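Asker: Okay, handing you the structure first.
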Amino acid sequence: MQDLFFYLSKIFWALASPDHFLLLLVLLGLLLAWAGRRCGLWLSTFSMGFLLFAAIYPVGNFLLSPLENYFAHVEPPDQVAGVIVLGGAEEATLSAVHRQPHMNSAAERVMVIPELMQRYPDVPVVITGGSSSIIDQTYRGADVVEQWLESLGLGSRLIVERESRNTFENAIYSADKVDPSAGQWLLVTSAFHMPRSVAVFRKQGWDVVPYAVDYRISGDRLSVQFWRNMRDLTTAVREWIGIIAYYLTDKTDQLLPDRKPER
């Protein structure tokens, strides 16, 4: 069932991603217009107009803001049972091809690990992340982080979970490596991804404390950066779809988790 969910989610997102979806609408509109259908002209005009609008206006900010600000940014607790860092910051294929660690725009997930190791010198640090590729599962994200930390002399404390392909599997496969009931675990992931991650881990019996990194919203009301605006819009749409899909498939108990759960 997990495999079915994984493959269906990848196929759905290939069509629903805003950049792909808008391009398909433009092409469909042009085809309908070529066939003499008046609606085709309206459809292609609307799609191209929205692309132009997104090129100069950061639409994604409005969708990302409630996610990034959902949990207040606070100092982590003095004591935790361990640290869990969700994968997704690694470029596993590039790292394997060029034989050196490569990170993407979510690199803060990994950059914070040495600081947290220093803050918590006696607790395990779990990096969880395999491959999200639907075709080739050869290269695993957690391996990249392990390689980087070993180059810094910090690999001995790392617990590597390299089989998970999504957030739900992060939670269940990490539980095979450490004891979720050992106490509070510091959960590290991107700020926009934190609400869904907390909901998933709590559903699986983890007592997690959110530690958000990789903030995307800068507060700009006007940003003539098409690539960045589309990236943020795509990220926001994907995350909101993920929140809804996880709730509907019983991977979470709530669309958005309680900010302060009962203990």
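Asker: Just to check your reading of the model, which residue among 209, 198, 213, 237 is within 15 Å of the chain's Cα centre (by Cα) and within 20 Å of residue 181 (Cα to Cα)?
Answerer: 198
Asker: Test each condition in (1) open to solvent by less than 70 Å² (accessible area, probe 1.4 Å); (2) touching a Leu at 6+ places or on another chain (Cβ under 9 Å); (3) among the charged types (D, E, K, R) for residue 165 and report the one that comes out false.
Answerer: That leaves (2) as the condition not met.
Asker: Next up: Restricting attention to segment 139-158, does a residue exist that is touching a strand residue (DSSP E or B) at 6+ places or on another chain (Cβ under 8 Å) and outside any helix (DSSP H, G or I)?
Answerer: yes
Asker: Just the residues that are in contact (Cβ under 8 Å) with a residue 12 or more places away in the chain, surrounded by fewer than 19 Cβ atoms within 10 Å (Cβ to Cβ) and not in a loop (DSSP other than H, G, I, E, B), please, taken from segment 64-97.
Answerer: Once the filter is applied, which keeps residues that are in contact (Cβ under 8 Å) with a residue 12 or more places away in the chain, surrounded by fewer than 19 Cβ atoms within 10 Å (Cβ to Cβ) and not in a loop (DSSP other than H, G, I, E, B), segment 64-97 yields 65, 93, 96.
Asker: Given the residues 202, 238, 228, which is the only one that is open to solvent by 50 Å² or more (accessible area, probe 1.4 Å) and under 27 Å from residue 115 (Cα atoms)?
Answerer: Testing whether each residue is open to solvent by 50 Å² or more (accessible area, probe 1.4 Å) and under 27 Å from residue 115 (Cα atoms) leaves just 202.
Asker: Follow-up. Yes or no: segment 18-30 includes at least one residue that is aromatic (Phe, Trp, Tyr), closer than 21 Å to residue 167 by Cα and under 22 Å from the mean Cα position of the chain (by Cα).
Answerer: no
Asker: Could you say which residue among 36, 40, 49 is in contact with a Phe, Trp or Tyr (Cβ under 9 Å, 6 or more places away or on another chain), free of Cβ contacts under 8 Å to residues at least 40 places away in the same chain and more than 25 Å from residue 210 (Cα to Cα)?
Answerer: Exactly one residue qualifies, and that residue is 40.
Asker: Please go through segment 8-32 and give me each residue that is open to solvent by 60 Å² or more (accessible area, probe 1.4 Å) and among the charged types (D, E, K, R), ordered by number.
Answerer: 19
Asker: So, one more: Quick check: is even one residue across segment 169-185 out of contact with any Gly (no Cβ under 6 Å at 6 or more places or on another chain), touching a residue at least 60 places away in the same chain (Cβ under 8 Å) and buried (at least 23 other Cβ atoms within 10 Å of the Cβ)?
Answerer: yes
Asker: When the residues of segment 33-63 are narrowed to those that are open to solvent by less than 30 Å² (accessible area, probe 1.4 Å) and assigned to a helix (DSSP H, G or I), which ends up farthest from residue 241 (Cα to Cα)?
Answerer: Going through the qualifying residues, I end up with 40.
Asker: Under the condition of being among the acidic types (Asp, Glu) and assigned to a loop (DSSP other than H, G, I, E, B), which residue from segment 98-136 is surrounded by the most Cβ atoms within 10 Å (Cβ to Cβ)?
Answerer: 136
Asker: Moving on. Filter segment 155-188 down to residues that are closer than 19 Å to residue 100 by Cβ and at pLDDT 90 or above and give me whichever is nearest to the chain's Cα centre (by Cα).
Answerer: Among them, the one singled out is 162.
Asker: OK, next. Are there any pairs, at least 6 apart or on different chains, whose C-beta atoms fall under 7 Å, with the first in segment 188-202 and under 9 Å from residue 213 (Cβ atoms) and the second among the β-branched types (Val, Ile, Thr) and open to solvent by less than 10 Å² (accessible area, probe 1.4 Å), and if so, which?
Answerer: As it stands, the answer is 188/83; 188/84; 188/85, since those pairs meet every condition given.
Asker: Further question: Please specify each residue of segment 205-225 satisfying the condition of being of a type outside the set (Asp, Glu), open to solvent by 30 Å² or more (accessible area, probe 1.4 Å) and more than 26 Å from residue 116 (Cα to Cα).
Answerer: Across segment 205-225, the qualifying residues are 219, 221, 222, 224, 225.
The rows are residues; the columns are (1) at pLDDT below 95; (2) under 15 Å from residue 84 (Cα atoms); (3) out of contact with any Leu (no Cβ under 9 Å at 6 or more places or on another chain).
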position: 202; (1), (2), (3): no, yes, yes
position: 209; (1), (2), (3): no, yes, no
position: 221; (1), (2), (3): yes, no, yes
position: 237; (1), (2), (3): yes, no, no
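Asker: Then there is this: How many residues does segment 48-75 contain that are within 30 Å of residue 116 (Cβ to Cβ), of a type in the set (A, V, I, L, M) and touching a helix residue (DSSP H, G or I) at 6+ places or on another chain (Cβ under 7 Å)?
Answerer: Number of matching residues: 3.
The values are calculated or read from the model by the stated rules, or taken from the named source; none is laboratory data. For clarity, every value in this text was computed on a predicted model and none was experimentally measured. All Cβ positions, even for glycine, are placed from backbone atoms using ideal geometry, and neighbour counts span all protein chains on display. Please note that ligands, DNA and RNA were not included when accessible areas were found on the heavy atoms of the full protein model with its side chains. Shrake-Rupley method; radii C 1.70, N 1.55, O 1.52, S 1.80 Å.
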